[in-house]
Amino acid sequence: MTKQLISLISALLLAGSSVAGQPANSPQYQSAFVRVELAPDQPAFVALSVDSLGKSKLSVNPLRPPLKADIAYELRQLGTAYEYRRSGMPPGTPAAWAFELAARQIRLRSRFVAGSPPPLLVLNFNPHLNHATLLGLINEDGSVRLPALLHLPDLGTLRITSSVGQKLALGYDALRYVEPEQANDYVRVTFPAASAAMPQVDYNLEVVAIHPGSPELARDARFDGFRRNWLNIFQLNPRLRLLANHAASDPCAFTVFEYSSVAVRTPPLAPGLTALDLIHQTLGRYLSGMKAYGMAGYTQNDPTTRFDYLDTYPSLLIAAADYVRGSKDSAWLKQNYAGLKDWATKMLAMDVNGDGLLEYPASGDSGSWPEQIAVRPANWWDTIGFGHQDAYSNALAYHALIELAELARQASHPEDAQLYSSRADKIRSAYFGTFYNPETGVLAGWRSADGKLHDYYFTFVSGVAITYGLVPPDKANPIMDRLLAKMHEMGYTHFEYGLPGNLIPITRADSVTKEKRWGGPEKEDGSDGFQIYENGGATACYAYFTLKALYKLGRGKEADEILFPLLAGFEQGGFQGVGPNGLTYDWKAWDGTPHGYEGLLVDGYQALLAVLAR
């Protein structure tokens, strides 16, 4: 018996035993790729789950139940097709909505009848179960033009197309909870129904798996987490119209380079739609003057973001370079070069003392962070006291300048190219001597204004410096030796949780927050806050740079010992959702206790790039 026949028989059994043409009671359909349950009294999905890999991973239904129908509908079933008509309509009346279900496709069709307009078709996702997102070209009202992708992290992807093309846009909205105890958050996708202006509309939802890599990956189950979750890093915020931490969360300018690093390696999403289009529209928002977290003045209610983070403009510039390289959009570069140069000018102005390295206005001195947060530190790791000269941000700035010099050459600005190249050389000359700590044999996180090195065995700092070529070749392997030895000494082995950002506790004097919830310790040595959130908590965020550094150094066996458990963690959905303690799994203690707050934090999925570094 063929797999196709088995799938069809299974689908028919799940559809129920009602006679064709008669109403079904919550009809169901399931194949290896999709599971659907329909409402019996209105055109609506009761359940919708997707497995892009066709392995029947379909137990999670992320939909909230449809609202009670105002108008009664009759449902008729014809095999695996279902038609909804308003109650009391003549038998020959066109169906308001028709659903046709197949192994890898869901076809939707709506017809307009005068005096009985069909209702909208609404998918209301519960983000506590899955942080769904709609990916595509976004309009000013937040709606997304077709074609588009409906992506369900850890589950799969539906490519949505229509025969009427870009004449249709799907409604899209997302809200983050206002109060934790209230279930008022959502990600909502709305399919417009037929209307008098457009009497017939159709949608085709096709299950797809979009990822780069060789065909061999599909034959090796160790890479299932890579193939299923490659798109997880892309979450489009409909209210702000750009990529963000997730669909209802903050945009962070200092993370755009993470998205672009994945986008430039991503195959086309649909005809006329690429992942780089998502970068294009995100960069457009920033170039138009939009503020985000990590930029001074992001919100009037948060006076702690008083300065632009040191990693903000490097991130945006790297993303711009990725976009131009991947898209070959020279017209965009010419049109926006002045904006990119403005970002570069702001970034270079952060070298206050003229030694080549960027300096943050906060000193980073131990003990300089008050009990109540008055100012945030220099980079993404915003509960740790990075200040003054920050090793991570300066590594990004170096890479940004290398990329920017090439953009200037392409845009026919040779004098700018020379400036950016010379400033990159200046960072390179100063970098290693400034941040290398001979006492530990690794790179410190920052050198504060008082000249002190602050070294907590930051895994990502040494990783990014080696990745971007800022560590002398004879020093790179010894640095990784010391980091891995320290990890072994500290007993960290749960690579399915990712990596700790730091391997020893951040002291109270170097903690920006003093709240235990965020890893802020009460003890001076920081031990009571260790493994909580950014104070040594395990996360996939920035694990990419440690893995990339190991692969770059030819240490594939050691990298694989981290990568494959991490991929298994991705495949198990280990970085999404809420734990029993009410906190989320994007950050964990070393025993797996959740300490996150986002529910899904896209930054961690940059680690999937490490597969391509093998």
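Note on Gln572 and Ala374: their simple-model spin labels are 4.5 nm apart, each label 7 Å out from Cα toward Cβ.
May I ask you to give the average projected area over all directions of the convex hull of the Cα atoms of the stretch 3-208, in nm² rounded to one decimal? Each step should come with its number before you reach the end.
Working: hull surface 48.5 nm².
So the Cα hull casts an average projection of 12.1 nm².
About its Cα centre, what dipole magnitude does the chain give when the only charges are +1 on Lys and Arg Cβ and -1 on Asp and Glu Cβ, stated in debye to the nearest 20? Each step should come with its number before you reach the end.
Values: 54 positive and 62 negative charges, 415 e Å.
For this selection, approximately 2000 debye.
Pairwise alpha-carbon distances in the stretch 492-560 exceed 16 Å for 51% of all pairs. Each label was represented as a point 7 Å from its Cα along the Cα-to-Cβ direction; for Ala197 and Asp342 these points are 3.5 nm apart.
The 3J(HN,Hα) values that the Karplus relation (6.51, -1.76, 1.60; θ = phi - 60°) gives for the stretch 548-553 are, in residue order, 4, 4, 4, 5, 4, 7 Hz. Gly and Pro appear as x.
Computed from Cα positions, the angle between helix 275-287 and the longest principal axis of the chain comes to roughly 60 degrees. Rounded to two decimals, the Cα radius of gyration of the stretch 294-456 over 2.2 N^0.38 Å is 1.09.
Compactness of the stretch 472-614 was expressed as the Cα radius of gyration divided by 2.2 N^0.38 Å, which yields 1.05.
With charges only on Cβ, +1 for K and R and -1 for D and E, what is the dipole size of the stretch 294-456 about its Cα centre, in debye, rounded to 20? Write out the running numbers ahead of the final one.
Values: 13 positive and 21 negative charges, 91 e Å.
Approximately 440 debye in magnitude.
Only lysines eight or more places from Lys523 in sequence, or on another chain, were considered; those with a Cα closer than 16 Å are Lys514.
Distance between the 7 Å Cα→Cβ label points at Leu78 and Ser59: 3.8 nm.
Considering all projection directions equally, how large on average is the shadow of the alpha-carbon convex hull of the stretch 231-342, in square nanometres?
Details: hull surface 28.3 nm².
So the mean shadow area of the Cα hull is 7.1 nm².
Within straight-line reach of Lys328, meaning a Cα separation under 24 Å, sit the following lysines at least 8 residues removed in sequence or on another chain: Lys341.
Could you give the length gained on full extension between Glu140 and Lys523, defined as 0.36 nm per residue of separation minus the Cα-Cα distance, in nm? Don't skip to the end; give the middle numbers.
Numbers: separation 383, 0.36 × 383 = 137.88 nm, distance 4.95 nm.
Additional length available on full extension: 132.9 nm.
Using 0.36 nm per residue and subtracting the Cα-Cα separation, the extra length available between Thr493 and Ser163 on full extension is 113.7 nm.
Say R0 is 51 Å: what FRET efficiency, to the nearest 0.05, do Glu558 and Lys68 get from their beta-carbon distance? Before the final figure, lay out the partial values.
Details: r = 57 Å, r/R0 = 1.12.
Approximately 0.35, to the nearest 0.05.
Checking the Cα-Cα distances for Lys486/Lys548; Lys486/Lys552; Lys452/Lys486; Lys55/Lys167; Lys55/Lys588; Lys475/Lys516 against a 25 Å cut-off, the pairs over it are Lys55/Lys167; Lys55/Lys588; Lys475/Lys516.
What translational diffusion coefficient, in µm²/s and rounded to a whole number, does the Stokes-Einstein relation yield for the stretch 324-411 at 20 °C and a viscosity of 1.002 mPa s, taking the hydrodynamic radius as the Kirkwood radius over Cα pairs? D = 144 µm²/s. Step by step: find N for the stretch 78-117, compute 2.2 N^0.38 Å, then divide the Cα radius of gyration by it. What's the final number? Ratio of Cα Rg to 2.2 N^0.38 Å: 1.26.
Run the numbers for Val113 and Asp302: contour at 0.36 nm per residue of separation, minus the present Cα-Cα distance, in nm.
62.9 nm
Mind giving me the FRET efficiency for Arg239 and Val352? R0 is 45 Å, r the Cβ-Cβ distance, nearest 0.05 is fine.
Numbers: r = 36 Å, r/R0 = 0.81.
Computed FRET efficiency for Arg239 and Val352: 0.80.
The angle between the Cα long axis of helix 391-410 and the longest principal axis of the Cα atoms of the chain comes to about 70 degrees, rounded to the nearest 10. Which of the following values of volume of the Cα convex hull per residue in Å³ was calculated from the structure shown: (i) 157; (ii) 242; (iii) 229? Step by step, volume of the Cα convex hull per residue in Å³ for this structure corresponds to label (i). Helical runs (DSSP H, four residues minimum) scored at -39500 (n - 2.57) apiece and divided by the length of the chain put the mean residue ellipticity at 222 nm at -9000 deg cm²/dmol.
Using alpha carbons only, the radius of gyration of the stretch 18-117 set against its Kirkwood radius gives Rg/Rh = 0.99.
Taken together, the values in this text are just the output of simple stated rules run on the coordinates, not laboratory data. Being a predicted model, the structure only gives us computed values, none of them experimental. A quick note on method: Cβ atoms are made from the backbone with ideal geometry, for glycine too, and the neighbour counts reach across all protein chains shown.
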